[in-house]
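J.: Sending over a structure as structure tokens; questions will come in a sec.
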Amino acid sequence: MDDVTLSYYIKPVLVLGCGNLLFGDDGFGPKVVEYLKENCPVPDHVAIVDAGTGVRDILFDIAISERKPRKIIIIDAMDAGKEPGEIFELDVSQIPQKKIDDFSMHQLPTSNLLRELKELCSIDVKIISVQVEHIPDVVSPGISASLVGSVRDVCEKVLKECV
């Protein structure tokens, strides 16, 4: 295990930006991580990671690790039938069933891993999401203007959760 991987486990709070930068608004989570790292005073007890599309691997490593963060904050974009750019929080139990069949962080076994981390490992799991405007079927980097305007607000919410 390298030093970067170890930081996932030894810091009490882990922020994971999920999504694929190549598919429009799906890249929201990594954009938030980028903004946090470049523009925000992140406390020393917080690890911020661009999980991209590899969040399942990270969550699985945490599940089997002896050392675990006390809180995991997931940042992702999804279609929840809200206004594009609208920020909302989900409990792990609220992840829509229709998200289970796609390639996002909500795909099984990720939603199961989040539930297990919360219920079996007593990790406080927070999901901060934003309503997508559009996720293209073909490679199209860059998030929509509706979501660009939400990046800073999500960063503020994340930092408030990092206590």
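J.: For region 29-49, name all the residues that are touching a residue at least 12 places away in the same chain (Cβ under 8 Å), within 22 Å of S146 (Cβ to Cβ) and surrounded by fewer than 20 Cβ atoms within 10 Å (Cβ to Cβ).
T.: Within region 29-49, E34, Y35, N39, C40 meet the criteria.
J.: While we're on this one: From the list G19, G54, which one is surrounded by 24 or more Cβ atoms within 10 Å (Cβ to Cβ) and within 25 Å of G142 (Cα to Cα)? Spell out how you get there, then give the answer.
T.: Values: G54 fails: surrounded by 24 or more Cβ atoms within 10 Å (Cβ to Cβ).
Just one listed residue meets the conditions, G19.
J.: When the residues of region 147-163 are filtered to those that are surrounded by fewer than 19 Cβ atoms within 10 Å (Cβ to Cβ) and modelled with pLDDT of 95 or more, which remaining residue is nearest to E89 (Cα to Cα)?
T.: Result: K157.
J.: Taking the residues in region 115-146 that are in a loop (DSSP other than H, G, I, E, B) and among the acidic types (D, E) as candidates, determine which candidate is surrounded by the most Cβ atoms within 10 Å (Cβ to Cβ).
T.: Step one: list which residues in region 115-146 are in a loop (DSSP other than H, G, I, E, B), which gives 120-123, 132-139, 141-144.
Subset that is among the acidic types (D, E): 133, 137.
On the way: E133: 17, D137: 7.
Per the criteria, the residue is E133.
The values are calculated or read from the model by the stated rules, or taken from the named source; none is laboratory data. Model, not experiment: these values are computed from the prediction. FYI the Cβ positions are ideal-geometry reconstructions off the backbone, even for glycines, and counts take in every protein chain you see.
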